[in-house]
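The structure appears right after this line, and notes come after that.
Taken together, the values in this text are just the output of simple stated rules run on the coordinates, not laboratory data. Everything numeric here is computed off the predicted structure, so don't read it as measured data. Ideal geometry is used to build each Cβ from the backbone, glycine not excepted, and the neighbour counts take in all protein chains shown.
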Amino acid sequence: KAGVTQTPRYLIKTRGQQVTLSCSPISGHRSVSWYQQTPGQGLQFLFEYFSETQRNKGNFPGRFSGRQFSNSRSEMNVSTLELGDSALYLCASSLAGTGVRTGELFFGEGSRLTVL
Amino acid sequence: AQSVTQPDIHITVSEGASLELRCNYSYGATPYLFWYVQSPGQGLQLLLKYFSGDTLVQGIKGFEAEFKRSQSSFNLRKPSVHWSDAAEYFCAVGGDNSGYALNFGKGTSLLVTP
C-alpha cells in the first residue's frame, strides 16, 4: 500500500512568486493535514481538510491556502513568497475524520521549498 | 494555551546505553500525547501515543513513555539504544477539540556513538 505522496519533493522559488504543493493521501484516507517545519519555529500546523472541507486552520497569514479534491488529494498554495516561507512542508493523512484519538496521522516525506 | 517543551536540543548516548528524552506539556483539557521520530529526509513516524488509562505506554522499536499528570510530563525511554535510533524525536500534544492540529515540541536530536 503506497504511503502519502508529496510532489514536488524539492523546489526553488524567488520572493514574490507563488507555489503549489500537492499531496496524495494513502488510499482510502479522507483526512489531510498540512504542517510547516522550519529550524526556528519547528513543526507548525497549517490546515486540515476532510471531505473537501477545511475543518481547522493554524495561525498563518492568508497567503497560505489549501484545498481538497473529491478524490481526497490536497493542494496547498503560498502566494507572494517571502524568504521566511522556506521550509519543509509536510502532509499527513488519516483514515478517520474525527481527530487524532480515532485516526493515526501518516506523514509524507515532505516538499522542501527554498525561497531566494 | 497549549505548548510542548523538549528541554534537550541534542542528546548523545552510547550504543547499548539507556535513553530518556524529556517532554513537558501545557494543555487546558485532557491531553492526547504523542512521540514521533524523523530520520533525515523522511517524514514523521509515530512511535507511541497516550490518550488515557495506563500511564506507561509501549510503542514500536522498543520505546516506551510514561505519562505523569502531576509533572505535566511524557518522557520517552528505551532500555538499550541501537545505532539506527539516531534521529530527531518530537513530542506532540493534541485534544478532542483540535482535530488533527497537533502542537509539537522543537525536537531532540539523538546521536548514537559506537
### Query
Treating the beta-carbon of each Lys and Arg as +1 and of each Asp and Glu as -1, no other charges, what is the dipole magnitude of the protein assembly as shown about its Cα centre, to the nearest 20 debye?
420 debye
#### Entry: Neighbour-limited loop hits for trypsin sites (Lys or Arg not before Pro), the range B:21-101 (at most 13 other Cβ within 10 Å; DSSP other than H, G, I, E, B)
none
### Query
Running Debye on the protein assembly as shown with equal point scatterers at the Cα sites and no solvent, what base-10 log of I(q)/I(0) appears at q = 0.07, 0.12, 0.15 Å⁻¹?
-0.22, -0.65, -1.01
### Query
What list of whole percents do you get for P(r) of chain A, with Cα-Cα distances grouped in 10 Å bins up to the one holding the largest distance?
15, 50, 29, 6, 0
### Query
When ranked by the protection proxy of mean other Cβ atoms within 10 Å per residue, highest first, what sequence do the peptides B:27-36, A:90-99 form?
A:90-99, B:27-36
### Query
Hey, got a sec? Which GluC sites (Glu not before Pro) in the range A:1-107 land in a DSSP loop and have at most 10 other Cβ atoms within 10 Å?
none
### Query
Given Cα pairs under 8 Å that are at least 6 residues apart, what percent is the relative contact order of chain B?
37 percent
#### Entry: About the Cα centre, charge dipole magnitude for chain B (Lys/Arg +1, Asp/Glu -1 at Cβ), debye
140 debye
### Message
Given a Förster distance of 41 Å, report the FRET efficiency between A:Glu82 and A:Ala2 from their Cβ-Cβ distance, rounded to the nearest 0.05.
### Response
0.80
### Query
Which pairs in the list A:Lys57/B:Lys68; B:Lys68/B:Lys106; A:Lys57/B:Lys78 are over 23 Å apart, alpha-carbon to alpha-carbon?
A:Lys57/B:Lys68; A:Lys57/B:Lys78
### Task
Bin all alpha-carbon pair distances of the range B:1-81 at 10 Å intervals from 0 and give each bin's fraction as a whole percent.
16, 51, 29, 4
### Summary
Using alpha carbon centers only, the range B:60-114 is separated from the range B:1-31 by a whole-angstrom value of 6 Å
### Local electrostatic count at A:Phe47 - Lys and Arg +1, Asp and Glu -1, tallied over other residues with Cβ under 12 Å
+1
## Note on the structure
With label points set 7 Å from each Cα along the Cα-to-Cβ direction at A:Gln41 and B:Ala1, the distance between them in nm comes to 1.4 nm
### Task
Report the relative contact order of chain A, percent, no decimals, based on alpha-carbon pairs under 8 angstrom and at least 6 residues apart.
36 percent
### Selected from A:Ser33, A:Ser22, A:Ser51 as most flexible by GNM, with chain A as the system and alpha-carbon contacts under 10 Å
A:Ser51
### Query
Based on Cβ point charges of +1 for Lys and Arg and -1 for Asp and Glu, what charge dipole magnitude is obtained for chain A about its Cα centre, in debye rounded to the nearest 20?
80 debye
### Task
Let me know the mean shielding of B:27-36 by other chains, meaning the per-residue number of their Cβ atoms within 10 Å of its Cβ.
1
